[in-house]
1. Please verify whether ASN106 is over 37 Å from the mean Cα position of the chain (by Cα) and under 23 Å from PRO41 (Cβ atoms), treating the condition exactly as stated.
2. I'd like the full set of residues that are assigned to a loop (DSSP other than H, G, I, E, B) and within 60 Å of the chain's Cα centre (by Cα), limited to the range 18-48.
3. Among the candidates GLY421, GLY426, GLY436, GLY432, single out the residue that is modelled with pLDDT of 70 or more and either among the aromatic types (Phe, Trp, Tyr) or buried (at least 19 other Cβ atoms within 10 Å of the Cβ) (or both).
4. Considering each residue of the range 88-104, count those that are within 15 Å of ALA116 (Cα to Cα) and either open to solvent by 40 Å² or more (accessible area, probe 1.4 Å) or outside any helix (DSSP H, G or I) (or both), and give that number.
5. Please verify whether LEU85 is open to solvent by 80 Å² or more (accessible area, probe 1.4 Å), in a helix (DSSP H, G or I) and either of a type outside the set (Asp, Glu) or modelled with pLDDT under 85 (or both), treating the condition exactly as stated.
6. Can you spot a residue in the range 330-347 that is of a type outside the set (D, E, K, R), at pLDDT 80 or above and open to solvent by 80 Å² or more (accessible area, probe 1.4 Å)?
7. Out of (1) modelled with pLDDT under 80; (2) touching a Phe, Trp or Tyr at 6+ places or on another chain (Cβ under 8 Å); (3) surrounded by 13 or more Cβ atoms within 10 Å (Cβ to Cβ), what's the single condition that is false for ILE50?
8. Determine which member of the set THR446, THR465 is surrounded by 12 or more Cβ atoms within 10 Å (Cβ to Cβ), more than 30 Å from LEU144 (Cα to Cα), polar (S, T, N, Q) and at pLDDT below 80.
Amino acid sequence: MDELFDEVRAALWSVWHRRWIAIAVAWGVCLLGWLVVALIPNSYESKARIYVDVEDVLSEQLGIAGDGREEILRVRQTLASNVNLERVIKGTRLGEGISTRGEMDNAIADLAKQVAVQSEEDNLFAITATVGKSDLSDAENAVLARNVVQKLLDIFREEHIAGNRAGIDQALAELDSQLEERKTELEAAEERRLSFEAQYPDLVGGSQTLSSKVQQARTELRDVDADLAAAQSALAAIEGQVSGTPRTIISPGGATGPRGALMQAQAQLAELRSRGLTNVHPDVIATKRQVDLLAKQAAAAGPEDAGGTPNPAYTSLIAIRADRQAAVESLQARRAALQSTLASLMASQASEPAIAAEANRISRDYDVLRRNYEDLLQNREEIRTRGDVVDETSQYKFDLIDPPVVPQKPAAPNRPVLLLGVLVVGLGAGAGVAWGLGQLRSGFATPQKLERAFDLPVIGAISLTLSDAAKALERRRLKQFAGACAGLGAIFVILLAIEVVSVGAVA
C-alpha cells in the first residue's frame, strides 16, 4: 500500500514539475477538439405517428374484407425501400445538386441510415427522420427533417391505396381473361350436351341422372298407388252412403200409393192408442191388420213407386260419387303413365351402358365448367365491388396521431457533453504527456524510490531552499499557471453559452 502511495506521489510530482508542458498540451488538445466539435453539423429529428384502422364495416358487410394487417405490414416494410427513398430525395431539398446515378445511390444510402419506420403497437406506426447537412443552416435542416417525414407519410398513404387499386386492376384483368376462356369452353360443352339430349332424351344428365330419374319415378309411383288406394276407399264409402239414402222424401200430407195409405193407417193406429184403447180393442186389432197389409204392399212396390219430393242429400252424394270416380280414373291414368316411363328408363339403363357412360362424361364436364365459370364471375364482381369501395372511401382509415413538426432543438450532437469530454481529454492528455516525460528522465521523485531502485539504504535527503527572489518568481509563475487554467475553463464556459444561444436562435 505504501509503495502504491509513493507511486501516486511520484506521478503527481512529475506532472506538477512539468505543469507548463501539461497545460500547453491541454490547450492544444482542447482547442483542436473544440474546433472539431464546432464543425460537426447539427442533426434535427422529426417524428410522426400514424394509426391505421383495418376494421372496415362496409367491406365486411359486402363480404369483401381482406386481411388488412398483412397489407399494412407489407407497406410498412417496403416504405424505406430504395425506390421510395429516391422519391423522398427528389421531392425535397435532399435532391439538390444530384446529377449522376452514383450521387443518387450515395444519397439513398445516407438517407436509409437516417430514416426509421417502427411499429409501436399492432396498428400504430412511428416514422422518424434525422437530417443534418453541413451545407444547410440549422433552421433549414429542421424544416428538411419535417419535410422528409411528411413525404414518407404521403408515400405511406399512396402505397396502400395505389397498391390496392393496381392489385385490383390486375386481378380483374386476369379474371376477365380466364372468364373468356371458360366461356368458350362452356359454350362448346353446352353444344355437345344439347346435341346429345336431342338424340337421347332419356339419358339427359348421364347414368347418374338416369338412376335418379328411375328412383324418382318409383317414388312417384308409390305415392300414386297410395293416393289411388285412398281414392278407391273413399269411392267405396260414398257408394255405401248412396245405396242407403232414399231418392225422395215422403211427407204425410202428400203421400200417394201404398206407402201413402200405409202412413195414413199408421197415423190412425197411433190416434187410437192415444185415446187409451188397448191392443185387444176391436178397432185397434182391425187397424193393425190394415197396417200389416199395407206394409207388405209398400214393400212390394219399391221406393220408385213411392211418391214424394226429391231428396237433396241423395243428389249431393251422387255429385260427390262422380268427383271421386273421376279422381280414381285420373290416378289410374297417372299410374299407367309412370309405369310406362319407369319401364322405358330401366330399359335405357340396362340396354345402353356405353351411351350412359358418354352421358356421364358430357354431364360431368358441363357441370364442372359451369361451376368454375360461376365462381370466377362471382369473384370478379366481388373484386370490382372492392375496387369501388377503395376508390370511394378507401378500405382502411388513417388517423395521424402526431403530425410531423419542425424540431426546435437538435437531436445530435450533444455539444455540451462533447465540449466537456474534450476538456477532460485535453487535461488528461496534458497530464499524460508530463508524466511520460518524467518517466524518460533518470531521476527519482522520493528517497524511497531511490532506495528501492538501488536496494541500498538512503542516509538522508536535502530539502530545496529558495531565496526570496526565487519564491517571488515561483508565486508569479503559479499565478500565471492559474490564469492559464482559468482561461481554458473560461473558453469552455463561453462555448457552452454560445451553444445555448444558438439553440435558442433556432427555436
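1. Judged against the criteria, ASN106 is a match.
2. ILE40, PRO41, ASN42
3. GLY426
4. 0
5. Considered against the rule, which asks whether it is open to solvent by 80 Å² or more (accessible area, probe 1.4 Å), in a helix (DSSP H, G or I) and either of a type outside the set (Asp, Glu) or modelled with pLDDT under 85 (or both), LEU85 comes out as no.
6. yes
7. (1)
8. THR446
The values are calculated or read from the model by the stated rules, or taken from the named source; none is laboratory data. As the structure is a computational prediction, the values presented were derived from the model and not from experiment. Methodologically, a virtual Cβ is constructed for each residue, glycine included, from the backbone with ideal geometry; neighbour enumeration extends over all protein chains shown. For the accessible areas, the whole protein counts, side chains as well, though only heavy atoms, and no ligand, DNA or RNA atoms are used. Shrake-Rupley method; radii C 1.70, N 1.55, O 1.52, S 1.80 Å.
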